[in-house]
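Participant: Take a look at the following structure, please.
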Amino acid sequence: ALFHPLSCWTPEAICRPQFLARLDWLSVKQGLDMRGIGAGTWEQLLQAGTLEGLLDWLDLETTRLDTVPGFSQTRSRAFHEARERALSRPFADWLKALGAPPGHTVAEGENWRALAALDEVDWRQRPGVGPKRAAQLEAFFHHPQVADLAARLGAAGVEGFAPAQ
């Protein structure tokens, strides 16, 4: 299939709708709860050429946002504040926001490295994880683009994604 849970991490024309849906999912209450940030905001940022990847919004400074059509200084500050709140969200919230398959739990102290080290057999040992879900979880945590996103989140200091010491 052309589109699937691990496709469209960047906004190429054919992927634009799924990419925007990914951004919107990031910001909803069930994701990072970025109040005031929704589909319209993401569309404006994409049209302004400020988003080439799913996490490019992490690097947008208030001064750069002021140049985006439709972004006032007040709206730029509100976006910046929502971004700062998102950066402090728990690891499990970030996994959900990135689109990790549902049906798994993150144990206390578990981080990206620990979960990315698991294979399908390991996942199946977890409560409530059957063969199909185990395969989905392994695919998610081993996907190169998802690993790149995790590294970027680690560099940004997001809980659970810190690079190896």
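The values are calculated or read from the model by the stated rules, or taken from the named source; none is laboratory data. Nothing here was measured: the structure is a model prediction, and the numbers come from that model. Don't worry about glycine lacking a Cβ; one is built from the backbone with ideal geometry, like all the others, and counts go over all protein chains shown. Keep in mind that these areas ignore ligands, DNA and RNA; they rest on the heavy atoms of the full protein, side chains included. Shrake-Rupley method; radii C 1.70, N 1.55, O 1.52, S 1.80 Å.
Participant: Given the conditions (1) under 27 Å from His4 (Cβ atoms); (2) modelled with pLDDT of 90 or more; (3) not in a helix (DSSP H, G or I), which single one is not true for Pro102?
Facilitator: Single failed check for Pro102: (2).
Participant: Output the number of the condition that Arg89 fails; it satisfies all remaining conditions of (1) open to solvent by 10 Å² or more (accessible area, probe 1.4 Å); (2) part of a helix (DSSP H, G or I); (3) at pLDDT 95 or above.
Facilitator: (2)
Participant: A further question follows. Only one residue in Thr50, Thr67 is open to solvent by 40 Å² or more (accessible area, probe 1.4 Å), out of contact with any Gly (no Cβ under 6 Å at 6 or more places or on another chain) and not in a helix (DSSP H, G or I), so which one is that? Spell out the reasoning first.
Facilitator: Numbers: Thr50 fails: open to solvent by 40 Å² or more (accessible area, probe 1.4 Å).
Result: Thr67 is the single residue among Thr50, Thr67 that is open to solvent by 40 Å² or more (accessible area, probe 1.4 Å), out of contact with any Gly (no Cβ under 6 Å at 6 or more places or on another chain) and not in a helix (DSSP H, G or I).
Participant: Of everything in segment 53-64, what is surrounded by 16 or more Cβ atoms within 10 Å (Cβ to Cβ) and in a loop (DSSP other than H, G, I, E, B)? Give them in sequence order.
Facilitator: Within segment 53-64, Gly53, Leu54, Leu55, Leu60 meet the criteria.
Participant: Could you run through segment 114-128 and say how many residues are closer than 18 Å to Val146 by Cα, assigned to a loop (DSSP other than H, G, I, E, B) and over 22 Å from the mean Cα position of the chain (by Cα)? Break it down into steps so the answer makes sense when it comes.
Facilitator: Step one: list which residues in segment 114-128 are closer than 18 Å to Val146 by Cα, which gives 114-120, 123.
Subsequent filtering for residues that are assigned to a loop (DSSP other than H, G, I, E, B) retains 117-119.
Cutting the leftovers down to over 22 Å from the mean Cα position of the chain (by Cα) gives us none.
Qualifying residue count for the region: 0.
Participant: Let me ask something else. Can you name the condition, by its number, that His4 falls short on among (1) at pLDDT 95 or above; (2) surrounded by fewer than 17 Cβ atoms within 10 Å (Cβ to Cβ); (3) closer than 25 Å to Leu137 by Cβ?
Facilitator: (1)
Participant: Of the numbered conditions (1) at pLDDT below 95; (2) open to solvent by less than 50 Å² (accessible area, probe 1.4 Å), Ser72 fails exactly one; give the number of that condition.
Facilitator: All conditions pass for Ser72, except number (2).
Participant: Follow-up question, since we're still on this one. Determine the pairs where a residue that is farther than 20 Å from Asp148 by Cβ, located within segment 7-19, has a partner that is surrounded by 17 or more Cβ atoms within 10 Å (Cβ to Cβ) and modelled with pLDDT of 95 or more with Cβ atoms under 7 Å apart, the partner being 6 or more residues away or on another chain.
Facilitator: From segment 7-19, no pairs qualify.
Participant: Looking at Gly99, Gly103, Gly154 in this structure, which one is surrounded by 19 or more Cβ atoms within 10 Å (Cβ to Cβ) and either closer than 25 Å to Gln18 by Cα or without any contact (Cβ under 8 Å) to a residue 40 or more places away in the chain (or both)? Steps first, answer last, please.
Facilitator: On the way: Gly103 fails: surrounded by 19 or more Cβ atoms within 10 Å (Cβ to Cβ); Gly154 fails: surrounded by 19 or more Cβ atoms within 10 Å (Cβ to Cβ).
Of the residues listed, the single one that is surrounded by 19 or more Cβ atoms within 10 Å (Cβ to Cβ) and either closer than 25 Å to Gln18 by Cα or without any contact (Cβ under 8 Å) to a residue 40 or more places away in the chain (or both) is Gly99.
Participant: Can you list residue pairs whose Cβ atoms sit under 7 Å apart, with the first residue in segment 37-49 being closer than 14 Å to Leu60 by Cβ and the second being assigned to a helix (DSSP H, G or I) and of a type in the set (Asp, Glu)? Count only pairs 6 or more apart in sequence or on different chains.
Facilitator: Trp42/Asp24
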